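*Asks:* One structure, as structure tokens, below. Some questions next.
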Amino acid sequence: MSASSDVDEAVRTTERIALGNALEDRTDDIVRWCQEEFAKHSGATLEEVSGAQSGWATTSLAVHSMANWLKSGVSANLLDREQIASLGKAAARRRRTPVLPARTNEELDAERGASPHSQTESPLQLSVALITRLNLWWSEATRAVLDEEASRLKISTATLNEACEMVVKSCHSSLVRMAKQFDAEFKALYDRLSNLALHDSLTGLVNRATLIEWLDRVIARLARQPGGLVVAFMDLDNFKEVNDVYGHACGDDVLVELASRLLAQMRPSDMVARIGGDEFVAVFGDLSEPLEAAQKLAERLHSIVTEPVSVNGIDLHMTISIGIAVVLGPECHSDEVLAQADAAMYSVKRTGLNKIITVDGGSLNRPI
């Protein structure tokens, strides 16, 4: 009985190797089958579907992995499985998403590190439905080829059934991986878009819309708690000269550095935003004596901005004009507060730059 089993297993091994070699020889046939089905269901022409850089390397790899399993009994390694499933990531990246800035995809690649297989991703418009069908087409085509080759090579039904069962299992496994990659990639894109909608893309500080929404909430809370707020409207002096003399890249570096310094001064109850080219607004909340704190806070901001900024070995000495509005009660709106602080800042600009002016707090505590 043992000798017979050994003979049977040896025969099955020989059959698997023969079937694996035959399957690998038919790789182009399976890819072509999938391309034809893709063209029928995607609206693209067969020439477009099968053109250069169209991303069919993953389908070929799937056939190779199945053939290798038949010949050696070794399943695809993790790297190959991830590459086969990478169509899920490609589908998420190519899903049409509104208000996606032109450089977002490049920035995402830079942040995460470019995939070693990014060059093989298909330029075709993929969708969840199409990548699901693509897996099923691959499964169908591969099993059809296995059946033809098994008949030609006189392979046993048991060996053929074993191979076809493995194809189905591999198809289901790839579908699960693709779905996970699609979800992870799409979530990353959604999070990125959400962040872009709320933050300044250069400095990472919140933008004007986010600041106004937050400021309205903070002002409303003054009805339930004593104290007030200090709003500092800041504008760099002669910033255009930095861009003109050293270039916009240097100017961007300056803005990023100053944004980082300002952010480092904020407490959990505070916020700082970039609301224009070289304009920033800082809001200090939960102050029991805001009128007394206003000048001290403004001087602190002024001091950290006027410290030299080193860019490419050059020390740049910036100055800043600051307008301060003090909010003592809830009977005002964020746009009025910002307008008051902005007006104070421009009065600095008109009278010599590099100074601080504070608006009388009482003017921001009247009923509207």
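The values are calculated or read from the model by the stated rules, or taken from the named source; none is laboratory data. Since the structure is predicted, the reported quantities are computational estimates derived from the model, not experimental observations. Note: ideal-geometry Cβ built from the backbone for every residue, glycine included; neighbour counts use all protein chains shown. Heads up: the accessible areas ignore ligands, DNA and RNA and are worked out on the full protein's heavy atoms, side chains in. Shrake-Rupley method; radii C 1.70, N 1.55, O 1.52, S 1.80 Å.
*Asks:* Which pairs have Cβ atoms under 8 Å, sit 6 or more apart or on different chains, and link a residue in the stretch 199-221 that is in contact (Cβ under 8 Å) with a residue 24 or more places away in the chain and crowded, with 17+ Cβ neighbours inside 10 Å to one that is in a helix (DSSP H, G or I) and polar (S, T, N, Q)?
*Replies:* Filtered contacts from the stretch 199-221: THR203/SER260; LEU211/SER334; ILE212/SER334; LEU215/SER334; ILE219/SER334.
*Asks:* Any chance you could count how many residues in the stretch 14-36 are farther than 16 Å from ALA163 by Cα, touching a residue at least 40 places away in the same chain (Cβ under 8 Å) and surrounded by fewer than 19 Cβ atoms within 10 Å (Cβ to Cβ)?
*Replies:* Looking only at that region, the number is 1.
*Asks:* Further question: Restricting to the stretch 306-328, name every residue that is over 11 Å from VAL230 (Cβ atoms) and part of a loop (DSSP other than H, G, I, E, B).
*Replies:* Across the stretch 306-328, the qualifying residues are GLU307, PRO308, ASN312, GLY313, HIS317, MET318, THR319.
*Asks:* Scan the stretch 337-368 residue by residue and report those that are at pLDDT 90 or above and assigned to a loop (DSSP other than H, G, I, E, B).
*Replies:* LEU353, ASN354, LYS355
*Asks:* Which one of these is farther than 23 Å from VAL218 by Cβ and among the hydroxyl-bearing types (Ser, Thr, Tyr): SER334, SER303, SER288?
*Replies:* Values: SER334 fails: farther than 23 Å from VAL218 by Cβ; SER288 fails: farther than 23 Å from VAL218 by Cβ.
Going through SER334, SER303, SER288 in turn, the sole match is SER303.
*Asks:* Search the stretch 337-361 for residues that are surrounded by 21 or more Cβ atoms within 10 Å (Cβ to Cβ) and pair each with any residue that is aliphatic (A, V, I, L, M) and in a loop (DSSP other than H, G, I, E, B) when their beta-carbon atoms are under 7 Å apart and the residues are at least 6 apart or on different chains.
*Replies:* From residues that are surrounded by 21 or more Cβ atoms within 10 Å (Cβ to Cβ), the pairs are GLN340/VAL359; ALA341/VAL359; ALA344/VAL359.
*Asks:* Something else: Is it true that some residue in the stretch 286-296 is touching a strand residue (DSSP E or B) at 6+ places or on another chain (Cβ under 7 Å) and under 18 Å from TRP214 (Cα atoms)?
*Replies:* So in the stretch 286-296, the residues touching a strand residue (DSSP E or B) at 6+ places or on another chain (Cβ under 7 Å) come out as 287, 290-291, 293-295.
Add one more test, that the residue is under 18 Å from TRP214 (Cα atoms), and what stays is 287.
Yes, the stretch 286-296 contains a residue that is touching a strand residue (DSSP E or B) at 6+ places or on another chain (Cβ under 7 Å) and under 18 Å from TRP214 (Cα atoms).
*Asks:* Which members of the stretch 319-336 meet the condition of being modelled with pLDDT of 90 or more and open to solvent by less than 10 Å² (accessible area, probe 1.4 Å)?
*Replies:* Selection gives ILE320, SER321, ILE322, GLY323, ILE324, ALA325, VAL326, VAL327, SER334.
Let's see how each residue does on (1) modelled with pLDDT of 90 or more; (2) of a type in the set (Val, Ile, Thr):
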residue: SER156; (1), (2): yes, no
residue: SER174; (1), (2): no, no
residue: ALA184; (1), (2): no, no
residue: LEU189; (1), (2): no, no
residue: VAL206; (1), (2): yes, yes
residue: ALA232; (1), (2): yes, no
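*Asks:* For the structure I just gave you, tell me whether LEU291 is open to solvent by 30 Å² or more (accessible area, probe 1.4 Å), hydrophobic (A, V, I, L, M, F, W, C), over 19 Å from VAL326 (Cβ atoms) and in contact (Cβ under 8 Å) with a residue 40 or more places away in the chain.
*Replies:* Here the answer is no, as LEU291 does not meet what is asked.
*Asks:* Report whether or not ASP253 is in contact with a strand residue (DSSP E or B) (Cβ under 7 Å, 6 or more places away or on another chain) and open to solvent by 10 Å² or more (accessible area, probe 1.4 Å).
*Replies:* Against the criterion (in contact with a strand residue (DSSP E or B) (Cβ under 7 Å, 6 or more places away or on another chain) and open to solvent by 10 Å² or more (accessible area, probe 1.4 Å)), ASP253 qualifies.
*Asks:* Out of the helices (runs of 4 or more DSSP H) lying entirely within the stretch 1-101, which hold 3 or more residues that are under 18 Å from SER139 (Cα atoms) and at pLDDT below 90?
*Replies:* 27-42, 57-72, 78-84
*Asks:* OK, next. For the stretch 264-285, enumerate the residues that are buried (at least 16 other Cβ atoms within 10 Å of the Cβ) and without any contact (Cβ under 8 Å) to a residue 60 or more places away in the chain.
*Replies:* ASP270, ASP278, GLU279, ALA282, PHE284
*Asks:* Going by the structure shown, is ASP244 within 24 Å of the chain's Cα centre (by Cα) and surrounded by fewer than 16 Cβ atoms within 10 Å (Cβ to Cβ)? Steps first, answer last, please.
*Replies:* Values: within 24 Å of the chain's Cα centre (by Cα): no; surrounded by fewer than 16 Cβ atoms within 10 Å (Cβ to Cβ): yes.
So ASP244 does not fit the description; no.
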